[in-house]
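This report refers to the structure that appears directly beneath it.
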Amino acid sequence: MAVAAFGLLACGDDKLPSDVQCLTPECLEGYWSSSSEAPDDGASSSSFAEDAGESSSSDNLQSPSSGMDGTLSSSGVGPVEGSSSSASLSSGLEGSSSSVHRHRSSSSVAEPPVESSSAVAPVSSSATEPPPSPVNEFVEDHRSECQIGNIPSSVDNAKLPDPFKKLDGTRISSKADWKCRREEIGAMYEKLMFGTKPRNPEKVEGSYSGGKLTIKVTDKGKSGSFSVKISNAGTKDKPKPAMIGFGGGMMGGCGSLGNATNGLDIAQITFNPDDVAPESGGGMFFQLYNQGQGTIIAWAWGVSRIIDALEKTPEAGIDVKHLAMTGCSRWGKGTLAVGAFDERIALTIPQESGSGGASLWRVGAQVNKQKGKQFVQGLASAGTEGKWMISSFKSYDGRENTLPFDQHMLVAMVAPRALLILDNAGQEWLGEVPSNYCGQASKEVYDALGATENYTYSQEGGHGHCQLPNGQFDEVKDFMNKFLLGKDAKTGKIDYSKNTQTISFKKSEWIDWETPSLK
């Protein structure tokens, strides 16, 4: 009981009332070959010298005719301005081995060959021209490449929305189509739940000294900085994979993976989200941007800027191509958002994320209705606690069936990159059933993308909140060995053999769409 109580206090969390593996170089080489688009440069930065104060309104995010950052046309169709591309889906699959990296340059348009400064005789038209510069696909996202159509604010659907169905009503038919479909899903979450994640700041700078990385962001005449701690780092010549942890991260406190990481030679990066956006209000992010965002998307923005700085600061000794993210409870929600909105994260490990994380809104509402009380944290509660979401999201409470998405689609945004969801059975407030169902529904997207081996859902009870049990250690070690260190390990399963109640996920009750086999 003392351990469980410590776990609750350490987290400061929500009050608790009581099949195909694509990991070989050959497979990866052709995984997205059918896509001819190339991403824009993912360089980013931001700032805050002016005190804009905490944002108070999210109305600008609610109009179906306006897109993220207000850049969609009056018809709601058009690319989002200022968005930076980010790690491609192909890079997400390469985590199994360092030998399979095939990144390209950061330009979305092939650069023309550089002409020699010396005089050169004319070349005949039949001569072979130099090949274009390669394109970097290790970028934050691909939003700038995708047309985002009208985002509905309401639907009538008691079942889980189809993650493969585009905003124009058609379904994707190839793996290449997933790139822009996941951007559509992200735009939906930004508009209705999280608020806009600012992209492509003017400048991000990093400086490293004494185990501390300082990130300075400059954007639109404002600037600000924050720092993260790095331990067990490598060197510029021999960088190490790293786990970014919220708060105490792996080193203790909320989000701790405990002894599960013992013996793994990886660096550890501790990110304190209060340095960017404290739940009490204000903070660096809201001094830079005043668009009504919630704190979760602000935290995700902060981690993206850490990655930007790491890319520019090789002396920190971090292998940015092998980064993982973890956090528990509210920081588990943040972890899932980080992995969903930044494709440079190779491995995402949300722990006990509950409502607003890897747990279905529709199923949670059904459980509460059956129990006759708020057994699972409801949408209105989650929608107002910690300022995690935009203020208008709470209006969906009691109307969960009108949401154009459910949380299996936020989970799906991580696909096909590595994802290990750790849940705690028996914690009523976190939602044992809606979390389990979300885990099983999310697997459909990994299956469709041929990335089943990159996904595991694990649920075990009998332990304190945010106190990882020994029974889940193996999953953590396997995923970190495989996707950070490039070692052989068995991954890819749904495991809830140690939960506290009988759970029977009836697929037909919640899913009325077919899972495609995308080529």
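The values are calculated or read from the model by the stated rules, or taken from the named source; none is laboratory data. In this text the structure is predicted, and so the values were computed from the model without any measurement. Quick reminder, even Gly has a Cβ in these numbers, built from the backbone with ideal geometry, and neighbours come from all protein chains shown. Keep in mind that these areas ignore ligands, DNA and RNA; they rest on the heavy atoms of the full protein, side chains included. Shrake-Rupley method; radii C 1.70, N 1.55, O 1.52, S 1.80 Å.
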Any idea which of PHE226, PHE246 is modelled with pLDDT of 95 or more, touching a strand residue (DSSP E or B) at 6+ places or on another chain (Cβ under 9 Å) and among the aromatic types (Phe, Trp, Tyr)? PHE226
Test for GLU315: is it under 23 Å from LEU336 (Cα atoms), open to solvent by 30 Å² or more (accessible area, probe 1.4 Å) and not aliphatic (A, V, I, L, M): no
What tally of residues in the stretch 472-519 results from selecting those that are closer than 20 Å to ASP447 by Cβ, touching a helix residue (DSSP H, G or I) at 6+ places or on another chain (Cβ under 7 Å) and assigned to a helix (DSSP H, G or I)? 3
Collect the residues in the stretch 423-460 that are within 20 Å of the chain's Cα centre (by Cα) and polar (S, T, N, Q), keeping them in residue-number order. SER435, ASN436, GLN440, SER442, THR452, ASN454, THR456, SER458
Which residues, taken from the stretch 390-403, are open to solvent by less than 10 Å² (accessible area, probe 1.4 Å) and assigned to a loop (DSSP other than H, G, I, E, B)? ILE390, LEU403
Out of all the residues in the stretch 416-428, is one or more part of a helix (DSSP H, G or I) and open to solvent by 10 Å² or more (accessible area, probe 1.4 Å)? yes
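Only one of LYS222, LYS238, LYS229, LYS197 is under 22 Å from LEU323 (Cα atoms) and more than 22 Å from the chain's Cα centre (by Cα); which? Write out each step before concluding.
Numbers: LYS222 fails: under 22 Å from LEU323 (Cα atoms); LYS229 fails: more than 22 Å from the chain's Cα centre (by Cα); LYS197 fails: more than 22 Å from the chain's Cα centre (by Cα).
On inspection, the qualifying residue turns out to be LYS238.
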Single residue of the stretch 148-173 satisfying the filter (part of a loop (DSSP other than H, G, I, E, B) and open to solvent by less than 20 Å² (accessible area, probe 1.4 Å)) that is farthest from ILE296 (Cα to Cα): ILE172
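When only residues in the stretch 358-373 that are touching a helix residue (DSSP H, G or I) at 6+ places or on another chain (Cβ under 6 Å) and assigned to a helix (DSSP H, G or I) count, which is surrounded by the most Cβ atoms within 10 Å (Cβ to Cβ)?
Going through the stretch 358-373, the residues touching a helix residue (DSSP H, G or I) at 6+ places or on another chain (Cβ under 6 Å) turn out to be 358-365, 367.
From what is left, the residues that are assigned to a helix (DSSP H, G or I) are 361-365, 367.
Details: TRP361: 27, ARG362: 23, VAL363: 26, GLY364: 29, ALA365: 20, VAL367: 20.
So, considering only residues that are touching a helix residue (DSSP H, G or I) at 6+ places or on another chain (Cβ under 6 Å) and assigned to a helix (DSSP H, G or I), the one surrounded by the most Cβ atoms within 10 Å (Cβ to Cβ) is GLY364.
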Look at ASP447 and say whether it is under 22 Å from ALA260 (Cα atoms), part of a helix (DSSP H, G or I), at pLDDT 95 or above and open to solvent by 10 Å² or more (accessible area, probe 1.4 Å). no
Please go through the stretch 473-491 and pick out each residue that is surrounded by 24 or more Cβ atoms within 10 Å (Cβ to Cβ) and either of a type in the set (D, E, K, R) or over 20 Å from the mean Cα position of the chain (by Cα) (or both). GLU475
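Does any residue of the stretch 112-126 turn out to be out of contact with any Lys or Arg (no Cβ under 8 Å at 6 or more places or on another chain), over 20 Å from PHE393 (Cβ atoms) and either surrounded by 11 or more Cβ atoms within 10 Å (Cβ to Cβ) or at pLDDT 65 or above (or both)?
Yes, the stretch 112-126 contains a residue that is out of contact with any Lys or Arg (no Cβ under 8 Å at 6 or more places or on another chain), over 20 Å from PHE393 (Cβ atoms) and either surrounded by 11 or more Cβ atoms within 10 Å (Cβ to Cβ) or at pLDDT 65 or above (or both).
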Output for Cβ contacts, cut-off 6 Å, separation at least six or different chains, first residue at positive phi in the stretch 478-503, second not in a strand (DSSP E or B), reads GLY486/SER97; GLY486/SER98; GLY492/THR452; GLY492/GLU453
Taking the stretch 302-317, which residues are hydrophobic (A, V, I, L, M, F, W, C) and more than 13 Å from ILE345 (Cα to Cα)? ALA309, ALA316
Here are GLY224, GLY234: which of them is assigned to a strand (DSSP E or B) and crowded, with 17+ Cβ neighbours inside 10 Å? GLY224
Picking from SER517, SER508, SER458, which residue would you name as being in contact with an Asp or Glu (Cβ under 9 Å, 6 or more places away or on another chain) and open to solvent by 70 Å² or more (accessible area, probe 1.4 Å)? SER517
Helices (runs of 4 or more DSSP H) contained entirely in the stretch 283-355, each with at least 3 residues that are of a type in the set (Gly, Ala, Ser): 295-312, 330-341
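Identify, please: which residue in the stretch 182-221 is of a type in the set (Lys, Arg) and crowded, with 20+ Cβ neighbours inside 10 Å and is, among those, modelled with the lowest pLDDT? Walk me through it before giving the result.
So in the stretch 182-221, the residues of a type in the set (Lys, Arg) come out as 182, 191, 197, 199, 203, 212, 216, 220.
After this cut, where a residue has to be crowded, with 20+ Cβ neighbours inside 10 Å as well, the list is 182, 191, 197, 199.
On the way: ARG182: 98, LYS191: 98, LYS197: 98, ARG199: 95.
Result: ARG199.
Go through the stretch 266-282 and count every residue that is under 23 Å from MET389 (Cα atoms) and outside any helix (DSSP H, G or I).
Within the stretch 266-282, the first condition is being under 23 Å from MET389 (Cα atoms), and the residues that meet it are 271-282.
Narrowing further to those that are outside any helix (DSSP H, G or I): 271-272, 276-282.
Number of matching residues: 9.
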